[in-house]
There are 2 protein chains.
Amino acid sequence: MFSNGCEYGIRALTIIGRASKEDRKVGIKEICRLAKTPESFTAKIMQNLVRRGILDSQKGPAGGFYISKDLDSITLYDIVEAIDGTGVFVSCGLGLAHCDASRPCPLHDKFASVRQELKAMCKSNTLNDLLSGLHDQVYKR
Amino acid sequence: MFSNGCEYGIRALTIIGRASKEDRKVGIKEICRLAKTPESFTAKIMQNLVRRGILDSQKGPAGGFYISKDLDSITLYDIVEAIDGTGVFVSCGLGLAHCDASRPCPLHDKFASVRQELKAMCKSNTLNDLLSGLHDQVYKR
DNA sequence: AGAATAAAAGACCTTTTAGTCTTATATTTG
DNA sequence: CAAATATAAGACTAAAAGGTCTTTTATTCT
């Protein structure tokens, strides 16, 4: 459904979000240790999210990643869009470039409603919502 | 959502299914011309589906692909499973190997219901159902 | 039987995704 | 200012997905 990078990104953001609630910055090593994600790859994803304004970072000692925005203002949709784009929310189930209500593929209506529910779910869940489901050992292997 | 190969496979099957209703076999060239899919790649997918018993084929002149099963007995789920496997129907939204109701990831419940709707949709739609939405120029570019 | 036709098989190539590693840059602290 | 620390940037490598091409095998038709 989502790319590996996107899954890693979401997991990492929950770790950072939790720390941010305690006004703590988190280094990439700690993020990846807790999120169980590959370090260099995750770092690259984080940098992309910083550029897109979802995340903040500070270099140097006592630096790390943190979130300055309201955790309720960052939706799952925002995160997925930033990493994977909107394809999963809008593309035709049969991969057609020109599939819409006026020229529907055989799957159009049925697929559209699934996509719609996915989209609604992602729009209605914020990073803060995810934190309530994040107990200490969630990402244990 | 589905792989390219899976999308091609579904499109190709609608072409073959329609022909099978008229007791016609279809060659790979005609299938790909109508389904707008790449020929060699589609052929490979068809061969996989033949091996898995979803599709039948006959070599030689006047040969081609056809479906001998009841078109109502082949669900979208069967097709997706044959080509992409069951991953999309069962995997954790955050990519965790051990995510379930007893040890849920922060997204588990919300994601499970989307996945569930996708699964239900795929199980309840048969190849025959798709044919009613297939008018002549559906896969026109 | 021989020629033509069509799928089967599998080697091969290309592109994208996934992931690593090295070097540079910024920040803090002593 | 120097040393240490941490992110930024980007070149690089590996693996998977996507796709092509050639050869073989089965079937039909003359």
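The values are calculated or read from the model by the stated rules, or taken from the named source; none is laboratory data. Keep in mind the model is a prediction, meaning the values are calculated, not measured. Methodologically, a virtual Cβ is constructed for each residue, glycine included, from the backbone with ideal geometry; neighbour enumeration extends over all protein chains shown. Quick note on the areas: whole protein, heavy atoms, side chains included, nothing else; ligands and nucleic acids left out. Shrake-Rupley method; radii C 1.70, N 1.55, O 1.52, S 1.80 Å.
Structure summary
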| read-out | value |
| --- | --- |
| Where only alpha carbons of region B:86-141 are counted, the Rg and the Dmax (Å) | 16.2, 49 |
| Chains A and B, summed buried accessible surface - 1.4 Å probe, Å², nearest 100 | 3100 |
| Chain A - mean residue ellipticity at 222 nm from DSSP helices (-39,500 (n - 2.57) per run, n ≥ 4, rounded to 500) | -16000 deg cm²/dmol |
| Calculated FRET efficiency for the pair B:Asp129/A:Lys69, C-beta based, R₀ 45 Å, to 0.05 | 0.50 |
| Amide proton proximity set for B:Ser57, modelled H, under 5 Å, gap of 5+ | B:Tyr66 |
| Tail weight of P(r) past 26 Å, computed on alpha-carbon pairs of region A:4-132, percent | 30 |
| Inter-copy label distances at A:Gln58 (7 Å, Cα→Cβ; nm, one decimal) | 7.6 |
| Translational diffusion coefficient (Stokes-Einstein; Kirkwood radius from C-alpha pairs) of region A:2-64 at 10 °C, 1.306 mPa s, in µm²/s | 137 |
| Angle in degrees between helix A:4-21 and the longest Cα principal axis of chain A, rounded to the nearest 10 | 50 |
| Heavy-atom surface of chain A, accessible at 1.4 Å and reported per residue (Å²) | 49 |
| Ratio of the Cα radius of gyration of the protein assembly as shown to 2.2 N^0.38 Å, where N counts its residues | 1.19 |
| J(HN,Hα) series, region B:133-140, from Karplus relation 6.51 cos²θ - 1.76 cosθ + 1.60, nearest Hz, glycine and proline x | x, 9, 8, 3, 10, 4, 9, 4 |
